[in-house]
Structure formats: structure tokens, C-alpha cells
Amino acid sequence: MHHFQYRDGYLFAEDVDITALADEIGTPFYVYSEATLRRHIRVFQKAFASSNALVAYAVKANSNLAVLKVLASEGAGADVVSGGELQRALKAGVAPEKIVFSGVAKTADEINAALDAGIYQLNVESEPELERIAQIAQARGIAAPIALRVNPDIAAGGHEKISTGKSEDKFGIAWSDARALYAKAGAMPGISVKGVDVHIGSQIADLAPFEAAFQKVTTLIADLRADGCAIERLDLGGGLGISYGEGEAPPHPDAYARMIRRVTEPLDVRLIFEPGRMIAGNAGILVSRVIYVKVGEKRRFLIIDAGMNDLMRPALYDAWHDIWPVANRDAPTTIYDVVGPVCESSDCFAKERTLPELRDGDLIAIMSAGAYGASQTSEYNSRPLIPEVLVSGDAHAIIRKRPSFDEMIAGEVTPAWLD
Ligand SMILES: *Cc1c(COP(=O)(O)O)cnc(C)c1O
């Protein structure tokens, strides 16, 4: 469900004409629909409304401050994975008691920042990280609220690069070590054990791997309680998939919630969720202009002004994104490879894609680009980061502006000996 649709043959974001927006802002750029963001977070919160759960939006999916502000205004918390994301969440007005800090390896500075802010929970991913947190908290005379992120050894996720819950993945604490590490944590003065955390991957398209992982975790909680460890929270991570195109039908949050209620009901724990993609993915598109149509020996290339540095998902995960023409969608179709201008073969958004015929200067929209789009961008090939625009009804605002060349190089310094 999203608010990008055609009106009289032209693509709109809510009540804003994309063609006019492109003329005003210049391409390429991201557009987010505020109504879609609000709808998604509400659907998720409603699914767990009866259970006092904490829904902590995974900031890394889309960390723009305006996006965070929209979600904070809906009461969402934040799941952060770096000191920078923690600062963003706080700046956007997310209450510290709704912030959880995940991530593979938190530095001493990040641990101190989390303790300064008084966040709800740190999710610990290794024994040395637990020791570092304990040492820092003890020196401050406090006990840090933690959960251990356990690795249930369950394969899940839309691509091997977004699976995180197998024993060979770098994430979390090995299943066989979990009980002993909880015992150790329970005896540390700088640590207050609050819960168990699990996050098995991303773009997960069916409930079975979730259920298998969550079942395993419930048995762990029973064991931990038998060991005398008070577990009051259960963080089930994120990972719920979205539809990136026709034929994909990931589970509805309501079905996900029913399964979770069934599995976790007997535990009497406060549930925490960290949805990212499910909130932001279909709330954003990337608008780009065709620079050239190049007819090669074997292929017809649609070369657009967005590149892999602006949207990495196809290059990084072989991800599929629907591509819509912004106008003339009823034109006769042709088969294109849709590529960017960056000097890498992987700078390709779609291979052999059937699209209405397009010409140089035409606009296209790369759909479902609201999550892991802008937040993964780089300036590779000295291409300035592209603007982000938020639309609300018939209003729009630039929520990250396109830097000038001088702004892009502002941090670079020529040493005196080269002058
Ligand atoms: C990335 C991540 C999430 C969000 O995953 P989605 O697939 O976007 O829902 C949640 N928790 C952790 C620990 C993550 O690393």
C-alpha cells in the first residue's frame, strides 16, 4: 500500500505532480510520502496494540531527520546501530526510553553516549562487548540495561547478504554459548540483564523462519528463568519483507502478530520490534531522467542519471525494483537494460526489463526505494548526494538538499607542502 499513483497519465506522490517536482528540483532525487510512512507505522503498531509492545523503527533503513520526526510523532521508538543514528533519533525527538542500540560492535564512545542518554536497552552481540559495557557502566556507578542478541542458527532473508541468523553469520551470540554468557552477565555489577534479542535477517517473505527462530528463543527464555535469570523483555528484531513487485505477497503485520502472540503468549514479556524496511520501503521512490538511449549490439540500454551510488540495492543484493515511467505508460513496450552512468558494470538497475518506450529526457521512477536507498548513498565518481523530498498532501519540502560542488569538497584539505 502506498500513495504513488497516476492521474491523467502522470505519476503523482500523494497530490504532488512528479513531473513538476523534477522540473523544480532537478534529477535524480528521492520522494517520500508522509501519508504512507504514517500508514505503515500505524498498521504495525495496531497489530500489537493490545500488548504494550515497543515498536522501535530501525533507523538505518531511512535515517533522514524529517522521516524520523514523522515516525516519532506517531509514537515510534528507534533502533539505532551507531552513535550517529543515536544522535539522529534524539534530535528527531525520540524519547530515550524508546531507543534500543543494536549493532555488531559498539565502541566505548558509543556505549558512553548511550548511557549518557539513558536509552532503554543495549543489544549485546559478543562476550568482549558485554565486558566493555560492564566496565564502562561500573566505572560510572550504574548498571547498563542489556539484552543479549542470540543467533538461533536459522536461515532467512531475501539474499545471502541480508541473512543474519545463521551460525556462520557474524551476528549475535552463538546458541551454545548463550546460557553461560547470561549467567556471567547476571553476576556483573555494571550489567542489568533485561531481555533476549533476536534478529534473523531482512526481506523475509514468509512466517516460517520467524516462527522457528522465535520458538527456539522461548525455550531459551524458559532455560534462563530456570537458571534464575529474570527475563522481562523479548526483542524480536525486524526483517518483515515488503512487496517489491508483482507476485510478491509478504505476510501482513496482522498475520505476523498472530503468530507471535501464539508463540510468546505464555512468556509474559514486553515485546520489542525493530521494523525498518516494512515502514519506509514502499514510502519512497527514486526519480531519475533518461540521459541517453543507447542501442548496443545485443542490448538496448536506458542510461539514466541515477547511479549505483544513489541506490545500491540492485548492485549490492541483485535486488529487483519495479520501474515506472512518470508519463506515457501506455506507449508500446521495448526491452531495456536500465543502467546508471557510474563506471562499474554492477551499476545496473534492471536487466532485460520490458518498459513502455522511453526517450532521452523522459522521467522514470524506481519504486520501493524508501528503505536502504538514501541511507546507503555515497559520492562515488564525485557525484553529490541527491536530494530527498517529503510530500504531504499537496505540500512538499526538500528534506535534504543537493550539495554544491564546493559543499561536497568542503572537508578536503590540501597539505601546505602541495601548495
Ligand atoms: C537492519 C536491522 C533491522 C531492520 O531490518 P528490516 O529488514 O529493515 O526490518 C532491525 N534490527 C536489526 C538489529 C537490524 O540490523
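The values are calculated or read from the model by the stated rules, or taken from the named source; none is laboratory data. Just so we're clear, the structure is a prediction, and the values are computed from it rather than from any experiment. Neighbour counts are summed over all protein chains in view; Cβ atoms, including those assigned to glycine, are modelled from backbone coordinates with ideal geometry. Remember, those area values only see protein heavy atoms, side chains included, never the ligands or the DNA or RNA. Shrake-Rupley method; radii C 1.70, N 1.55, O 1.52, S 1.80 Å.
For region 33-63, which positions are in contact with a Ser or Thr (Cβ under 8 Å, 6 or more places away or on another chain) and open to solvent by 10 Å² or more (accessible area, probe 1.4 Å)?
Correct list: 34, 35, 60, 63.
Within region 197-239, which residues are within 20 Å of residue 133 (Cα to Cα), within 16 Å of the ligand (Cβ to nearest atom) and touching a helix residue (DSSP H, G or I) at 6+ places or on another chain (Cβ under 6 Å)?
Of everything in region 197-239, just one residue is within 20 Å of residue 133 (Cα to Cα), within 16 Å of the ligand (Cβ to nearest atom) and touching a helix residue (DSSP H, G or I) at 6+ places or on another chain (Cβ under 6 Å), namely 198.
Got a sec? Which of 257, 331, 327 is open to solvent by less than 60 Å² (accessible area, probe 1.4 Å) and not assigned by TED's automatic domain parsing to the domain that holds residue 381?
After applying the criteria, what remains is 257.
Being part of a helix (DSSP H, G or I) and either more than 16 Å from the ligand (Cβ to nearest atom) or not assigned by TED's automatic domain parsing to the domain that holds residue 184 (or both) is the filter here, so list the residues in region 106-120 that pass it.
Result: 108, 109, 111, 112, 113, 115, 116, 117.
For region 325-354, which positions are part of a loop (DSSP other than H, G, I, E, B) and in contact with a Ser or Thr (Cβ under 7 Å, 6 or more places away or on another chain)?
326, 327
Here are 266, 250: which of them is within 16 Å of the ligand (Cβ to nearest atom), within 30 Å of residue 178 (Cβ to Cβ) and either surrounded by fewer than 20 Cβ atoms within 10 Å (Cβ to Cβ) or not polar (S, T, N, Q) (or both)?
Result: 250 is the single residue among 266, 250 that is within 16 Å of the ligand (Cβ to nearest atom), within 30 Å of residue 178 (Cβ to Cβ) and either surrounded by fewer than 20 Cβ atoms within 10 Å (Cβ to Cβ) or not polar (S, T, N, Q) (or both).
Filter region 269-289 for residues that are more than 14 Å from the ligand (Cβ to nearest atom) and surrounded by 24 or more Cβ atoms within 10 Å (Cβ to Cβ); which is nearest to residue 33 (Cα to Cα)?
Top of the filtered list is 285.
For region 203-288, please list each of the helices (runs of 4 or more DSSP H) lying entirely inside it that holds at least 1 residues being without any contact (Cβ under 8 Å) to a residue 40 or more places away in the chain.
Where helices (runs of 4 or more DSSP H) fall fully within region 203-288 and carry at least 1 residues being without any contact (Cβ under 8 Å) to a residue 40 or more places away in the chain, they are 207-226, 253-264.
Could you identify the single residue in 158, 172 that is at pLDDT below 95 and in contact with an Asp or Glu (Cβ under 8 Å, 6 or more places away or on another chain)?
Every option except 172 fails the conditions.
Please state which of the following conditions residue 123 fails to meet, knowing it meets all the rest: (1) within 16 Å of the ligand (Cβ to nearest atom); (2) under 30 Å from residue 318 (Cα atoms); (3) part of a loop (DSSP other than H, G, I, E, B).
Evaluating residue 123 over (1) within 16 Å of the ligand (Cβ to nearest atom); (2) under 30 Å from residue 318 (Cα atoms); (3) part of a loop (DSSP other than H, G, I, E, B) leaves (3) as the failure.
Please state which one of 383, 329, 313, 353 is in contact (Cβ under 8 Å) with a residue 24 or more places away in the chain, among the basic types (Lys, Arg) and closer than 22 Å to residue 278 by Cα.
Selected residue: 313, the only one of 383, 329, 313, 353 that is in contact (Cβ under 8 Å) with a residue 24 or more places away in the chain, among the basic types (Lys, Arg) and closer than 22 Å to residue 278 by Cα.
Return the total of residues in region 116-127 being under 14 Å from residue 137 (Cβ atoms) and surrounded by fewer than 20 Cβ atoms within 10 Å (Cβ to Cβ).
The number of residues fulfilling the criteria is 3.
Collect the residues in region 201-212 that are crowded, with 23+ Cβ neighbours inside 10 Å and in contact with an Asp or Glu (Cβ under 9 Å, 6 or more places away or on another chain), keeping them in residue-number order.
201
Name, by its number, the condition in (1) within 16 Å of the ligand (Cβ to nearest atom); (2) assigned to a loop (DSSP other than H, G, I, E, B) that does not hold for residue 384.
(1)
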